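This report concerns only the one structure given below.
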Amino acid sequence: MDFTEQAKASRRDFLFKSSLSGSGIGLIGKQVFGYSSEKVSDFEIKNPAKAALTITDLKCAIIGGSPVVRITTNEGISGYGQAESSKKYLKPFVLFYKDYLIGEDPTNVERCMLKIRRMGSFKPYGSAVSIIEMALWDIAGKAASLPVYKLLGGKVRDRVRVYTTAVAQYQKTAGIDPADYAEAVTKVKDAKEGFTIIKMPIGFHSRMASQAPNFFYGDPVGPGNPPHANRGPLTEQGLKRIIACVEAMKKVLGDKIGLAIDCGPGFMLSDAIRLCRALEPYNLMWMEDLLTGDYRPYVMADDYLELTRSTTVPIHTGEQIYLRQNFRELIERNAIRVIGPDVADVGGMAEIKWIAEFADLHGIQMAPHGIFDGLIGNAAQVHVAATMPQNFIAFEYSIATPEWWYDIIDGLPDPIVKNGHIDVWDRPGLGVDFIVKEAKKYLSEEDNKFFD
């Protein structure tokens, strides 16, 4: 009997026993809510008892470059979470939280998060907290024999739109001329997934800053620096190069496929305003992270507010921001038009759901980031996106890297993406699990007991 059948059988058995009990409420309280009771005179006193389900271990392994957390329980239920494949260094940060969670009831997700949430921070270190939260929801869903989306309020939509980023443009061999960009979006346009929105890296978020001649008034940083480290005033040649590349892509995509561009961080405010105004005729979905973004531990809401008020192009940011509190000023001041937290960076699934609801109250749309979150990250995105209000546009789809990830994860639709959407599934928890026999082949010696 697999886990899903076991859970259903347990639930049927529990309901049957409850129906036989003359004091059903007492039985439910005793078995589900975790109290024992004793009668004193005519009053029944309920005493707290140890939770039936408790966390016994928290493990982290690097699988194919991705930090993966596994939380185990005394009842044999495990939950998983996955961080971006670019964050191999995250493992000790994940394990730091282990001692705070051992012995806790994993289905009390918020109680567990209150113990660890305040010790995270902006990208990349908020990822450790975020993937732990994913794993807790995975356990909670499995324990209840329910998909996580039902625990988050139920689904608003039966399928979730995704957008894709042309990851080939990040490679060292990627071209930086208009013809190169036209060729890149042509390939994505023709992909079998039928994506309806494509995002392209450009400007400071691409190789232009380091490779294009006379792109900006500054000295490009070397390859040994952190990601997206270039920043400075744009030259006229740099401005014209970006405009020409956008024009070339729109000629390919027309008005049938939406185009978003990932721009920075790195632009000066005045250059960002000039660029946005120049690109207004192209009806872009959004322009992302012009001023802050990847690995910038600050928000700069005042600058974004001025930029947003200066153009009709929807301004987008948020992938590096950790926790709802750090989105407050952007949202309350309507400093942007589209917000893009990453479920694997922002603090987890409940956190991004809260932000989506708050953004909707202020007329701000949601397009969550997630390019390297992997297959488990995709599953988390699907469940929470299914519950978001109608300000949801699409989340950023993550392909499996390396490709053998598809051979070690069970439970995903086949094909995963159809006509630019992913159907929401109903399996318990996140609905995906490791094929342990296959996954063990890719564990390092250090992590060889991850599934034990």
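The numbers here are math on the coordinates, done by the rules we state, and not lab data. Model, not experiment: these values are computed from the prediction. When we count neighbours, we look across all protein chains shown, and the Cβ atoms used for this are built from the backbone with ideal geometry, even at glycine.
Computed quantities for the displayed model
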read-out: Simple Cβ-charge dipole of the chain, Lys/Arg +1 and Asp/Glu -1, about Cα centre, in debye nearest 20; value: 380 debye
read-out: Too-long pairs where the Cα-Cα distance tops 29 Å, listed order kept, from LYS88/LYS115; LYS155/LYS440; LYS155/LYS199; LYS142/LYS441; value: LYS155/LYS440
read-out: Where N is the number of residues in the range 305-350, Cα Rg divided by 2.2 N^0.38 Å; value: 1.18
read-out: Kirkwood hydrodynamic radius of the range 209-251, Cα pairs, Å; value: 11.4 Å
read-out: Calculated log₁₀ intensity ratio I(q)/I(0) where the Debye formula runs over C-alpha points of the range 206-297, q = 0.13, 0.19, 0.21, 0.23 Å⁻¹; value: -0.44, -0.91, -1.09, -1.25
read-out: Neighbour cut-off at most 15 other Cβ (10 Å), DSSP loop, GluC sites (Glu not before Pro), the range 388-452; value: GLU403
read-out: Cα-based convex hull, the chain, per residue volume (Å³, whole number); value: 153 Å³
read-out: Bridge type composition, the chain - antiparallel percent by DSSP, nearest 5; value: 55 percent
read-out: Mean Cβ count within 10 Å, highest first, over the residues of peptides 223-233, 357-367, 181-191, 64-74; value: 64-74, 357-367, 181-191, 223-233
read-out: Reachable aspartates and glutamates from LYS98, criterion Cα separation under 15 angstrom, eight or more residues apart if same chain; value: ASP57, GLU133
read-out: Ascending count of other beta-carbon atoms within 10 Å, so fewest first, for MET249, MET113; value: MET113, MET249
read-out: Exposure proxy ranking, count of Cβ atoms within 10 Å, fewest first, for PHE450, PHE215; value: PHE450, PHE215
read-out: Helix 178-189 axis, angle to the chain major axis (alpha carbon atoms, nearest 10°); value: 30 degrees
read-out: Unit Cα scatterers, Debye sum, the range 257-369: log10 I(q)/I(0) for q = 0.10, 0.12, 0.19 Å⁻¹; value: -0.25, -0.36, -0.91
